[in-house]
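In what follows, a single structure is set out as structure tokens and then discussed.
What follows draws every value from the coordinates through simple rules; no lab data is involved. What you are looking at is a predicted structure, and each value in this text was computed from that prediction instead of being measured. Methodologically, a virtual Cβ is constructed for each residue, glycine included, from the backbone with ideal geometry; neighbour enumeration extends over all protein chains shown.
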Amino acid sequence: MATLIAESAANTPPPGAPASDGRSGIRLRRSIGLWQLAAIGISSTIGTGIFFVLSSAVPQAGPAVVISFVIVAIAAGLTALCYAELASAIPVAGSSYSYAYATLGEIVAFGVGACLLLEYGVSASATAVSWGQYLNEFFGTAFGFTIPEALAAPPGDGGYFNLPSVILVAMCCLLLVRGSGESARVNAIMVAVKITVLVLFVAIGLTGFHSGNLHPFMPLGMTGVGVAASSIFFSFIGMDAISTAGEEVRNPRRTMPVAIILTLVVVTVLYLGVAVTAVAAQPWQKFNGQEAGLAQILQDVTGSSWPATMFALGAVISIFSVTLVTIYGQTRILFSMGRDGMLPPRFAKVSPRTGTPVWNTLVVGSGVALLAAFVPLDELTDLTSMGTLVAFTVVSAGVIILRRKQPELERGFKVPGYPVTPVLSIAFCLYLIYGLHVSTFVMFGAWLAGAAAIYFGYGIRHSRLAQQPAASATAASATAASATADAGSAAGGEGEKAVRPVERS
């Protein structure tokens, strides 16, 4: 496959200034710092799983669900290191899509983009679905009334139309169109709340620790542990959300790797603490179908409603922040695909006032709201795991390919133990993919078939590579690379180096 010398990341402007993509001149504003970026990662992770996934994962693995979390944490940790290297080398919007574009070529990148859209869209829907459960738990314990189950429960689980999820998505979209910096600040506050709530759960829940609840530890064998691990993997998409913000981060080469690793450490410690506390405080058979399960555990342990009320309120805030960040990530992936010509130009437009892709936010919000309102929760979580695992596999492969093709490229972080680390990451991801249900593979195949139809019907004819002759691209790249180098020198070495995307044959 021939290669096209082209620029995929332009120079880093001063903090607060817009970031040019180096390709089309369309800009996103750099307004996000380290702690706000880490909050994005933590927010998109904590809540997508731990607040409701135990009700489906524990019946599959029993108390050994703790091992499932350990397996997933190892796989996510290996992948996080790969993300950290690529994020420091290619700090642009688009996450795995942009990395695949630079290392594996246009058609693979489009497929990865489709996986990411599935991952983020379905993940946002899955978390929004559970918002009504915790909202009812809070209303019930604090005020003595609840939203009718038909309007608050997940579809297929007693509900028909999940109204709270639609309201939640609308509020998130309203905040996102106001600007990424403002959204990040609000999100950082909500992350502090959710961490406090989970620490409170562990502190109170451990008072109800009963070793008898841990026996038998693995009632369904290692097969159950693997199946549970596959289904909960979607709860570790935080580092992917961080990489979608590459063009809106100040000093991305140093900030993004630190934020990714910080996110993984915080999330893993909290997840394991909550999982151990939950299965020790309640018999594993009671988790099956349990609504607002963690709040119920607190109420059973204390015999009082106030801890459950506080926890339910914290969960309401937490799930809001998760939905906010996952919708944010999806809009930035659409932005990158539109900018590359893979999707119509409207997806690459940003508001001149707020610097945000308003159209993308409206499109994503509509799709997420429809899924959350009408699709059962279990089907949503498995599809999210599939999209996440495929994207993680591509990122790990991208590290190996970029090391071989462009060893001279400046990297703010390098994967330790290369090439063993990315190879192990790929192996873990494939193992978890193997544990997913057959129906998930069928739905995922149908999604990819639809994506292929869009690519061959539109993207292949309108993409940037299709419209830019190789000779002119090379000349443009040389000019852009020179400008980048000059800007980097003036900014003390902060310029971003050129990356050579793979051209389709």
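Shape call for the range 32-469 from the C-alpha gyration tensor, a ≥ b ≥ c root eigenvalues: rounded (a/c under 1.5), prolate (a/b greater than b/c) or oblate?
Verdict is prolate for the range 32-469.
What is the fewest-to-most order of ARG30, ARG403, ARG353 by other Cβ atoms lying within 10 Å of their Cβ?
ARG353, ARG403, ARG30
Under the classification rounded if a/c is under 1.5, otherwise prolate if a/b is larger than b/c and oblate if not, where does the range 358-417 fall, given a ≥ b ≥ c as square roots of the Cα gyration tensor eigenvalues?
Judged from the Cα gyration tensor, the range 358-417 comes out prolate (a/c at least 1.5, a/b above b/c).
Putting +1 on Lys and Arg Cβ atoms and -1 on Asp and Glu Cβ atoms, find which of ILE189, ALA369, GLY113 reaches farthest to the positive end of the dipole of the range 32-469.
Result: GLY113.
With a ≥ b ≥ c taken as the square roots of the eigenvalues of the C-alpha gyration tensor of the range 71-227, please select rounded if a/c is under 1.5 and otherwise prolate if a/b is larger than b/c or oblate if it is not?
Judged from the Cα gyration tensor, the range 71-227 comes out oblate (a/c at least 1.5, b/c at or above a/b).
What does the charge dipole of the range 32-469 about its Cα centre add up to, to the nearest 20 debye, if the Cβ of each Lys and Arg holds +1 and the Cβ of each Asp and Glu holds -1?
Details: 19 positive and 18 negative charges, 259 e Å.
The calculation lands at about 1240 debye.
Note down the relative contact order for the range 32-469 as a percent, whole number, built from C-alpha pairs under 8 angstrom at least six residues apart.
So the answer I get is 35 percent.
Relative contact order of the range 82-206, please, whole-number percent, based on alpha carbon pairs below 8 angstrom and at least 6 residues apart. Display every interim value, and only then the final one.
On the way: 83 pairs, mean separation 16.3, N = 125.
Once divided by the residue count of the range 82-206, the mean separation gives 13 percent.
Work through the residues other than ALA87 whose Cβ is under 11 Å from its Cβ and net out their charges, Lys, Arg +1 and Asp, Glu -1.
Cβ neighbours under 11 Å give a net charge of +1.
Sort 251-258, 140-147, 383-390 by the packing proxy (mean of other Cβ within 10 Å over each peptide's residues), most packed first. Let's see the in-between values first.
Working: 251-258: 21.9, 140-147: 14.0, 383-390: 26.9.
Result, highest mean first: 383-390, 251-258, 140-147.
When only Cα pairs under 8 Å and 6 or more residues apart are kept, what is the percent relative contact order across the range 206-337?
About 33 percent, as a whole number.
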